[in-house]
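*Asks:* Below is one structure. I have some questions about it.
The values are calculated or read from the model by the stated rules, or taken from the named source; none is laboratory data. Keep in mind that what you see is a predicted model, and the values were worked out from it rather than measured. Please note: Cβ atoms are built from the backbone with ideal geometry, for glycine as well, and neighbour counts cover all protein chains shown. For the accessible areas, the whole protein counts, side chains as well, though only heavy atoms, and no ligand, DNA or RNA atoms are used. Shrake-Rupley method; radii C 1.70, N 1.55, O 1.52, S 1.80 Å.
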Amino acid sequence: MKLGFSAADEAFRQECAAWLQEQMDGPFADIRGITNLVSKVDRRRLWEQQLAAHGWSCIGWPKAWGGRDATLAQQVIFAEEYARAGAPNRINHIGVELAGPTILAFGTEEQKAKFLPGIAAGTDIWCQGYSEPNAGSDLANVRTKARLDGDEWVVNGQKVWTSLAHFSDWIFVIARSEEGSQGPKGLTFLMMKMGQPGIEVVPIGQMNGEAEFNETFFTDARCPADSLIGSVGDGWRVAMGLLAFERGVSTLAQQMQFRNELDAIIAAAKANGMASDGVVRSRIAKAEVGLRLMRYGALRMLSNTDLSAIDGAALTYKIQWATWRRDLGELAMDVLGQAGEVVDGDNYHWPMLPNMYLFSRSDTIYGGTNQIQRNLIAERGLGLPREPRGNL
Amino acid sequence: MEFAFTDEQAMIAETVKAFFAENASSERTRAAMAADGVDRALWSSFCKELGLAGIGIAEELGGAGLGMVELSIVAEAAGTHVAALPLLGLAAGARAIALGGNTDQHQAYLGGILSGDILVAAVEADAEALHFADGKLSGTLPFVPHGVAADLYVIASSLGVFVLDRKAAGVSISAQTTMDQTRPLAKLILDQAAVDRLDDADKAHAGFRQGGWLCLAAEALGGSQSALDITVAYSKERVQFGRQIGSYQAYKHRLADMMVDIEQARSAVYWAACAVDEGDEEQALALHSAKSFCADTYRACSGHMIQLHGGIGFTWEHDAHLFFKRARSISSMMGDSEWHRQKIADLVMGAAL
Ligand SMILES: Cc1cc2nc3c(=O)[nH]c(=O)nc-3n(C[C@H](O)[C@H](O)[C@H](O)COP(=O)(O)OP(=O)(O)OC[C@H]3O[C@@H](n4cnc5c(N)ncnc54)[C@H](O)[C@@H]3O)c2cc1C
């Protein structure tokens, strides 16, 4: 067990810190510190391309596909320096962290050649089409249909809560390809071009006043026959494999955003005098501990190369961070007081902490709700009986 | 950077787990509880056969080398069985002597302690309750863990860290009936008792706290994991309303919450252990985090264990109360969780105005 970084790692830190600083002070100063995923999209596309041009867009990927084969330590360092420099949240997170690794793990060489360069270059933004009106927690209940028509798949149905679909270039969907099949059987994982006539995107307003997610309608939407990852009817396995990547290194970048949020709370407490309140101090301490344990939990999870073993750190990670951040939202508002409940101007658009307070209420829902996480932990981690299935 | 056990650490973990599973049985622990809270035969084989007493103490001082990660592995395994052992005294006391003692002090104490022949108790004392002059210490120490069983005491305070022989003149020891009988507290009254002040008080006190806090945190981790494992096993056996009780969501979700906390407690212990071993500048933050988080986790998990067992969990016969009481005593000892959190707040946001 060793936590310290080597001298070579520290040299790497200097290198990426210097580059990021230069970018955020200079050409990309206008998008510094943006944490949402929807403002200044055009500038942020350029930022993705700038990262790519300098080899920083997907450092954990193999060199052959535009990455750097970065070690775990290097990925940790890059995530830390990225946030320290105030670089904006990555709008192509889904491409780099989910679509890319899935294609690397399950795709053919032709598919890698077709899809990876666009992601690595920062030109293709991706979104994830899993959830449907009747397939939320019960994701296997997907009803969107895919049918092979000559050398093309034809897709009909509806996805919902599709984050970033309104400006994405590609979407991966799971669709039912076997007529009459039920549950996880008979699903196929397809990669489809957005912006085609058969795909309509309708934004959905969120409680924080923004609209990051959408309804996505498929009406005879098409993609070439070789757009499927894995084999026909094998989509569930691919979809679940992809979810494992959600617990990858990107979690470290997310943690750095949490760091910035906690620091902002501490600064606010110092500014308004709450910092001398013993109860507030205790809650801040608790938040600090939780954030550190998140970091070390992630490092345990990422250091675990034995993927066959049940990995407690990985299994518990989602509910841990989601719950932590929900509590952080409460702490933020308690520290800000009523000043946190008003904003200048007539736009219903919130500064970082009040927005985090509102947004954190979705953290415990997307990517598997807290209740579903507990079911998974109990069933997979502790071997408890599975939830009975109803027949409505 | 690699936050996983090395092969050697994994081997130590396996060895100690097997050792405690085989020897630290409930019957033996209960026999010790009825006496002075130390299973002497277990302690002797721990020190002499396994040779584990010297973990975290440098080899030149007669220790086994290795560090706080390995010490935590041992304490976690001992905590798994609420073993009735003077491990805290060893972890805090021997480390204080090793780090803060001079050569004479090393020679005077470490040999006997590490062989298991001399039983050491460690206690942190409020300086205001003590008076030290001319090598003599006076005052009352109301809560000395394993105070009746011990041969030697290491007393840490801001006046210095002192080694006291139980046979010294002016020492009176009285047993106290203690809620956690696996680590009973005694009252020590010192009246001009001769003590040996460790040469480097700061290093001694730092070592005392590193060893003590980590030992308690790791014991709490092991105990919490046991509380979960035992309850999971029970939930699969016990049937009510025609179903295993572990199939009810209210029940299994509570078990899941226990696992979520325990996984964080595991990160906390090994983060703090690595931070000490690597001399990391954040080690104080790590130690305060580990002690507070693990104690809180243990209290919650051992409480859930009772609830999720129903009536049987409230009996003397069932082991649930051993965990519950150990959790309580760990939480109160060497700074309660709130105290540690205020220290953390000082570290991250500066002292309160
Ligand atoms: C901000 C945001 C972004 C999103 N982005 C995407 C995206 O990009 N792509 C995508 O595919 N999806 C996305 N989602 C959808 C998200 O994954 C789903 O909302 C989530 O899986 C829950 O499904 P649901 O909304 O249908 O709720 P439901 O499944 O209907 O759940 C409602 C309530 O019932 C509880 N519940 C359900 N089943 C059980 C059970 N077995 N035991 C106990 N309680 C249960 C849930 O915990 C929840 O509290 C996003 C959601 C949000 C909020």
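*Asks:* Considering only residues that are more than 16 Å from B:Gly223 (Cβ to Cβ) and either crowded, with 20+ Cβ neighbours inside 10 Å or of a type in the set (Ser, Thr, Tyr) (or both), which ones fall in the stretch B:12-24?
*Replies:* Scanning the stretch B:12-24 gives B:Ile12, B:Thr15, B:Phe19.
*Asks:* Which condition from (1) outside any helix (DSSP H, G or I); (2) within 14 Å of chain A (Cβ to nearest Cβ); (3) not aromatic (Phe, Trp, Tyr) is the one that B:Ser174 breaks?
*Replies:* (2) is the only condition that B:Ser174 fails.
*Asks:* Among A:Leu139, A:Leu148, which is the only one that is within 13 Å of the ligand (Cβ to nearest atom), among the aliphatic types (A, V, I, L, M), in contact (Cβ under 8 Å) with a residue 60 or more places away in the chain and more than 14 Å from every other protein chain (Cβ to nearest Cβ)?
*Replies:* So the residue among A:Leu139, A:Leu148 that is within 13 Å of the ligand (Cβ to nearest atom), among the aliphatic types (A, V, I, L, M), in contact (Cβ under 8 Å) with a residue 60 or more places away in the chain and more than 14 Å from every other protein chain (Cβ to nearest Cβ) is A:Leu139.
*Asks:* Of the conditions (1) within 14 Å of another protein chain (Cβ to nearest Cβ); (2) open to solvent by less than 30 Å² (accessible area, probe 1.4 Å), A:Gly233 clears all except one; give me its number.
*Replies:* (1)
*Asks:* While we're looking at this one, here's another question. Quick one: in the stretch B:246-283, which of the residues that are more than 7 Å from chain A (Cβ to nearest Cβ) and hydroxyl-bearing (Ser, Thr, Tyr) is surrounded by the fewest Cβ atoms within 10 Å (Cβ to Cβ)?
*Replies:* Here the answer is B:Tyr248.
*Asks:* Another one. For A:Asn208, only one of the following conditions fails: (1) more than 18 Å from A:Gln128 (Cα to Cα); (2) open to solvent by 10 Å² or more (accessible area, probe 1.4 Å); (3) within 12 Å of the ligand (Cβ to nearest atom). What is its number?
*Replies:* The single condition A:Asn208 does not satisfy is (2).
*Asks:* Here's a follow-up. Could you tell me whether any residue of the stretch A:119-134 is away from the ligand (no atom under 16 Å from the Cβ), part of a helix (DSSP H, G or I) and either assigned by TED's automatic domain parsing to the domain that holds A:Pro62 or within 19 Å of the chain's Cα centre (by Cα) (or both)?
*Replies:* Checked the stretch A:119-134: at least one residue is away from the ligand (no atom under 16 Å from the Cβ), part of a helix (DSSP H, G or I) and either assigned by TED's automatic domain parsing to the domain that holds A:Pro62 or within 19 Å of the chain's Cα centre (by Cα) (or both).
*Asks:* Would you pick out the residues in the stretch A:20-51 that are open to solvent by 30 Å² or more (accessible area, probe 1.4 Å) and either within 14 Å of chain B (Cβ to nearest Cβ) or closer than 15 Å to A:Tyr82 by Cβ (or both)?
*Replies:* A:Gln21, A:Glu22, A:Asp25, A:Arg32, A:Gly33, A:Thr35, A:Gln50
*Asks:* Please work out which one of (1) open to solvent by less than 30 Å² (accessible area, probe 1.4 Å); (2) within 14 Å of another protein chain (Cβ to nearest Cβ); (3) in contact with a Gly (Cβ under 7 Å, 6 or more places away or on another chain) is the condition A:Gln75 fails and give its number.
*Replies:* If we test A:Gln75 against (1) open to solvent by less than 30 Å² (accessible area, probe 1.4 Å); (2) within 14 Å of another protein chain (Cβ to nearest Cβ); (3) in contact with a Gly (Cβ under 7 Å, 6 or more places away or on another chain), just (1) comes out false.
One line per residue, one yes/no per condition, for (1) at negative phi; (2) modelled with pLDDT under 95; (3) near the ligand (Cβ under 10 Å from one of its atoms):
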| residue | (1), (2), (3) |
| --- | --- |
| A:Leu353 | yes, no, no |
| A:Tyr357 | yes, no, no |
| A:Ser362 | yes, no, yes |
| A:Gln371 | yes, no, yes |
| A:Gly390 | yes, yes, yes |
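*Asks:* Going by the conditions given, is B:Ala286 touching a residue at least 24 places away in the same chain (Cβ under 8 Å), more than 7 Å from every other protein chain (Cβ to nearest Cβ) and open to solvent by less than 10 Å² (accessible area, probe 1.4 Å)? Quick ask: steps written out before the conclusion?
*Replies:* Details: touching a residue at least 24 places away in the same chain (Cβ under 8 Å): no; more than 7 Å from every other protein chain (Cβ to nearest Cβ): yes; open to solvent by less than 10 Å² (accessible area, probe 1.4 Å): yes.
Here the answer is no, as B:Ala286 does not meet what is asked.
*Asks:* Collect the residues in the stretch B:124-171 that are within 17 Å of the chain's Cα centre (by Cα), assigned to a strand (DSSP E or B) and of a type in the set (Gly, Ala, Ser), keeping them in residue-number order.
*Replies:* Result: B:Ala156, single match.
*Asks:* Run A:Gly248 past the list (1) more than 14 Å from every other protein chain (Cβ to nearest Cβ); (2) open to solvent by 60 Å² or more (accessible area, probe 1.4 Å); (3) more than 16 Å from the ligand (Cβ to nearest atom); (4) within 30 Å of A:Pro354 (Cβ to Cβ) and report the number of the one that doesn't hold.
*Replies:* All conditions are met except number (2).
*Asks:* Here is a further query. How many residues, within the stretch A:151-174, are open to solvent by 40 Å² or more (accessible area, probe 1.4 Å), more than 12 Å from the ligand (Cβ to nearest atom) and in a strand (DSSP E or B)?
*Replies:* Selection size over the stretch A:151-174: 2.
*Asks:* Go through the residues of the stretch A:212-230 one by one and say whether even a single one is assigned to a helix (DSSP H, G or I), more than 16 Å from the ligand (Cβ to nearest atom), in contact with a strand residue (DSSP E or B) (Cβ under 8 Å, 6 or more places away or on another chain) and open to solvent by 20 Å² or more (accessible area, probe 1.4 Å).
*Replies:* Looking for residues that are assigned to a helix (DSSP H, G or I), more than 16 Å from the ligand (Cβ to nearest atom), in contact with a strand residue (DSSP E or B) (Cβ under 8 Å, 6 or more places away or on another chain) and open to solvent by 20 Å² or more (accessible area, probe 1.4 Å), one finds at least one in the stretch A:212-230, hence yes.
*Asks:* In addition: Going through B:Arg243, B:Arg209, B:Arg238, B:Arg197 one at a time, which residue ends up being basic (Lys, Arg), touching a Phe, Trp or Tyr at 6+ places or on another chain (Cβ under 7 Å) and open to solvent by 60 Å² or more (accessible area, probe 1.4 Å)?
*Replies:* The match here is B:Arg197.
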